[in-house]
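Notes to accompany the following structure.
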Amino acid sequence: MKHNSVLLLLVLLLLPALSSSMQARTTRPQTNATGPREEEVVREIVDLERQAKEAAIHRDASFSERTLADDYVAISPLGQVIGKAETVAARKTAQLRYDSIEISEMVVRLYGNTAVVTARADVKGKELGEEFSGPYRFTRVWVRRSGHWLTVSYQATVTR
């Protein structure tokens with residue numbers, strides 16, 4: 001049961017956006033962008049992913065409040081369905097702390113006002129003083145609404 005709790009909390013805090021140390025691990029994400037405007041949108045999404053990583057490490061609930069759509073839904077590695085309120089509440093607790101989040105193999109695909117991000121995340125941290133670490137793959141869907149990018153969906157899978 002403790003393992004399930006760690007996974008759920010891990011995912012809840014990573015949901016608002018696992019982001020990368022893009023400078024350290026990759027130079028550019030793969031993308032389907034075909035022109036300068038699309039390349040600019042990809043840069044916006046990559047920056048939001050970077051901000052999300054920082055928010056997870058610093059337990060910044062306001063980032064989640066600003067960037068998760070009201071109809072946001074996430075699926076944890078254990079299959080739990082998690083909404084915006086649960087994600088924001090989990091971010092506010094101090095029981096989970098990330099020491100590092102490293103993102104690699106990021107792909108950003110654009111479809112009009114929608115961006116789909118897939119990547120690998122290697123995380124290390126502590127839950128209630130107990131250390132954890134591991135690799136994940138995730139998919140996050142961003143949608144541009146009223147001029148702002150919002151996360152509408154997220155799904156994470158534990159990998160080996």
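The values are calculated or read from the model by the stated rules, or taken from the named source; none is laboratory data. This is a predicted model, so every value here is computed, not measured. When we count neighbours, we look across all protein chains shown, and the Cβ atoms used for this are built from the backbone with ideal geometry, even at glycine. Just so you know, the surface numbers come from the protein's heavy atoms only, side chains and all, with ligands and any DNA or RNA stripped out. Shrake-Rupley method; radii C 1.70, N 1.55, O 1.52, S 1.80 Å.
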Fill in: Residue list for region 1-59, filter: part of a loop (DSSP other than H, G, I, E, B), within 19 Å of residue 91 (Cα to Cα) and at pLDDT 50 or above
58, 59
Worksheet item: Does region 63-94 hold any residues that are in contact with a helix residue (DSSP H, G or I) (Cβ under 7 Å, 6 or more places away or on another chain), over 16 Å from residue 153 (Cβ atoms) and part of a loop (DSSP other than H, G, I, E, B), and which are they?
Response: 78
Worksheet entry | So residue 100, is it farther than 20 Å from residue 64 by Cβ, in a strand (DSSP E or B) and either without any contact (Cβ under 8 Å) to a residue 60 or more places away in the chain or open to solvent by 60 Å² or more (accessible area, probe 1.4 Å) (or both) | no
Response to the item:
By residue number, the members of region 123-148 that are among the polar types (S, T, N, Q), exposed (fewer than 15 other Cβ atoms within 10 Å of the Cβ) and modelled with pLDDT of 90 or more are 146
Discussion item. Quick check on region 77-88: of everything there that is touching a residue at least 24 places away in the same chain (Cβ under 8 Å) and open to solvent by 40 Å² or more (accessible area, probe 1.4 Å), which residue is farthest from residue 144 (Cα to Cα)?
Written reply: 78
Practice prompt. Could you tell me whether residue 144 is part of a strand (DSSP E or B) and either out of contact with any helix residue (DSSP H, G or I) (no Cβ under 6 Å at 6 or more places or on another chain) or of a type in the set (A, V, I, L, M, F, W, C) (or both)?
Written response: yes
Worksheet item: What tally of residues in region 65-76 results from selecting those that are surrounded by 20 or more Cβ atoms within 10 Å (Cβ to Cβ) and either more than 15 Å from residue 143 (Cα to Cα) or more than 14 Å from the chain's Cα centre (by Cα) (or both)?
Response: 1
Response to the item:
Checked pairs for region 31-49, first open to solvent by 30 Å² or more (accessible area, probe 1.4 Å), second modelled with pLDDT under 95 and in a helix (DSSP H, G or I), C-beta under 6 Å and 6 or more apart or across chains, list as none
